[in-house]
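Participant: This is the structure, below, for whatever I ask next.
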Amino acid sequence: MSKLDPALGLVVGKVHKTYNATHVLQDVSLSVPGGEFHTLLGPSGSGKTTLLKIIAGFTPADAGTVTLSGSVITDTLPEHRNIGVVFQNYALFPHMTVSQNIAFGLRMRRVPKLERQRRVQDVLALVRMSGFEHRRPAALSGGQQQRVALARALVIQPQLLLLDEPLSALDRKVRQEVREELKRIQAETGVTTVMVTHDQEEALFLADRVLVLESGALRQEGSPHDIYRNPVDEFVAGFLGPINLLNVESRPGDGGMVLRLGAQDFVPASGLAVTVVAAKLSGPMHLAVRPEQLTVQPAQGTAKPPDALAGTVTGVEFGGAVVTVRVEVEGNAMAILALSPDILAIASWDPGSPVWVRIRQARVLPVAERR
Ligand SMILES: Nc1ncnc2c1ncn2[C@@H]1O[C@H](COP(=O)(O)OP(=O)(O)OP(=O)(O)O)[C@@H](O)[C@H]1O
Ligand SMILES: [Mg+2]
């Protein structure tokens, strides 16, 4: 399969969709350069599937445009869009063999038999399913069925691949294998891809860029690293993985902002990697800290280091490679991740033990309005 011209890709312009007076998509605009892999994350009901259906042509938008490889396809029939789709619960045809399932789209496009057979063989090799041509879907594992579904979407050599939670039915181990295959296949074919997922780890692993949708509106778009490290608000922060939100009171200080956490002061400018997102400098804010950006050490018999906060252990949870230490600091519950080599020491920390907690990196976010 040929690589796409990197200049070509998908552009969605101000797409709006209403169902029964509910705004399901609100002026959603996005751009996926040719060959890139974007993941779309968002809670249930946020409009992810609706957006993919509009791009694929299965649902009309109320307003907005869809442009693929430079052509406006807003009013083009789905079968003329040359888009490969693997939808949520989009089952294989049970009465057809693997080959017949994959060849279906080629038959519809009247591709001659010999070429059809060659392309089916090629795509089976691509998804590592050669030898399974004559099986029926019922005789395949879940992971194998997903590969066939992917092969069926890819065999038409689409200009765009749309995947709607293609891995959600698989168990954890198979899911990880198939997602690695998916990454390889996408890189090999160079097909522009948009994939919906609920799973933040999957979204971060697969994507060149991550899009976060909430209530039909795009909240943030960025590289996996950027969106994880620099969320614009609490919603995005929490959606990309666990995060501690500490209640702080901020006031203007000499060099910027001083944060007060209970009885303890912080000066974000003094060597702490704290980024201030909040528009105002004073009032209640949240200090948002990822669990791996915190370190903890026993306080017994040592003086408080100037850059540490005094806390109390409330629990230690063993989780395999990582250990979660739960700590309370000035009335705020915090979860801190420590790697297993420290477990023997940490496991002996009783609830109530005093500890010093250090924040390596944090963001000051405006306190979200309760919805
Ligand atoms: N055909 C329809 N008629 C009316 N409402 C619809 C229709 N399809 C979707 N909706 C509504 O639109 C909203 C968005 O649905 P959508 O399926 O796009 O969400 P989603 O983000 O894919 O959720 P999930 O993660 O659960 O799959 C929901 O509130 C849903 O109830
Ligand atoms: Mg959906």
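Participant: Against the longest principal axis of the chain, how steep is helix 98-108, in degrees 0 to 90 to the nearest 10, with axes from Cα atoms?
Facilitator: With both axes taken from Cα atoms, the answer is about 70 degrees.
Participant: Under a point spin-label approximation (7 Å from Cα along Cα-to-Cβ), what is the residue 184-residue 368 distance to one decimal in nm?
Facilitator: The modelled label-to-label distance comes out at 3.8 nm.
Participant: Let me ask something additional. Any idea how far the Cα center of segment 330-359 sits from the one of segment 64-86, in Å?
Facilitator: 53 Å
Participant: Now, a different point. Scan the chain and report its longest stretch carrying no chymotrypsin sites (Phe, Trp or Tyr not before Pro) that are both in a DSSP loop and have at most 16 other Cβ atoms within 10 Å.
Facilitator: Looking at the chain, 91-371 is the longest stretch - no exposed chymotrypsin sites (Phe, Trp or Tyr not before Pro) with at most 16 other Cβ atoms within 10 Å.
Participant: Turning to a different aspect of this structure: Segment 206-263 to segment 128-152: how many Å between their Cα centroids?
Facilitator: Each part's Cα centre sits 41 Å from the other's.
Participant: A follow-up question, please. Would you mind listing how long segment 9-236 runs along its three principal axes, going by Cα atoms, in whole Å with the largest first?
Facilitator: 50, 39, 31
Participant: Hey, what angle do you get for helix 113-126 against the long axis of the chain, alpha-carbon based, 0 to 90 degrees rounded to 10?
Facilitator: It is inclined by approximately 20 degrees.
Participant: Counting other C-beta atoms within 10 Å, which of 23, 286, 80 has the fewest, and how do the rest follow? Walk me through the numbers before you get to the answer.
Facilitator: Values: 23 15, 286 24, 80 9.
Neighbour counts put them in this order, fewest first: 80, 23, 286.
Participant: Still on this structure, please answer the following. For a footprinting-style exposure proxy, rank 343, 227, 243 by other Cβ within 10 Å, fewest first.
Facilitator: 343, 243, 227
Participant: Right, something else. Rg and Dmax of segment 156-262, using alpha carbons, in Å: what are they?
Facilitator: 18.2, 63
Participant: Got the relative contact order for the chain handy, in percent, Cα pairs under 8 Å and 6 or more residues apart?
Facilitator: This gives 16 percent for the chain.
Participant: So, one more: Restricting to DSSP loop positions (anything but H, G, I, E, B) with no more than 12 other Cβ atoms inside 10 Å of their own Cβ, which trypsin sites (Lys or Arg not before Pro) remain in segment 1-108?
Facilitator: Loop-located and lightly packed - 3.
Participant: Could you tally the net charge around residue 172, taking each other residue with its Cβ under 14 Å from the Cβ of residue 172, Lys/Arg +1 and Asp/Glu -1?
Facilitator: Around residue 172, the charge tally is -3.
Participant: List 206, 126 from most exposed to least, where exposure is judged by having the fewest other Cβ atoms within 10 Å.
Facilitator: 126, 206
Participant: By how many nm would the segment from residue 114 to residue 317 grow when fully extended, if each residue of separation counts as 0.36 nm and the alpha-carbon distance is taken off?
Facilitator: 67.1 nm
Participant: Here's a follow-up. Net charge near residue 356, counting Lys/Arg +1 and Asp/Glu -1 over other residues with Cβ under 11 Å of its Cβ?
Facilitator: Values: positive: 304, 358; negative: 307.
Taking every other residue near residue 356 into account, the sum is +1.
Participant: Let me ask something else. Using the alpha-carbon atoms, what tilt in degrees (0 to 90, nearest 10) does helix 142-154 show relative to the longest principal axis of the chain?
Facilitator: 60 degrees
Participant: Show that you can apply the helix-only estimate: for the chain, add -39,500 (n - 2.57) for every DSSP H stretch of four or more residues, divide by all residues, and state [θ] at 222 nm to the nearest 500.
Facilitator: Using -39500 (n - 2.57) per qualifying helix, the result is -7000 deg cm²/dmol.
Participant: With springs only between Cα atoms under 10 Å, which of 50, 324, 22 fluctuates most in a Gaussian network model of the chain?
Facilitator: Largest GNM mean-square fluctuation: 22.
Read the figures in this text as sums done on the coordinates, not as results from a lab. Since the structure is predicted, the reported quantities are computational estimates derived from the model, not experimental observations. Cβ: placed from backbone, ideal geometry, glycine included. Neighbour counts: every protein chain shown.
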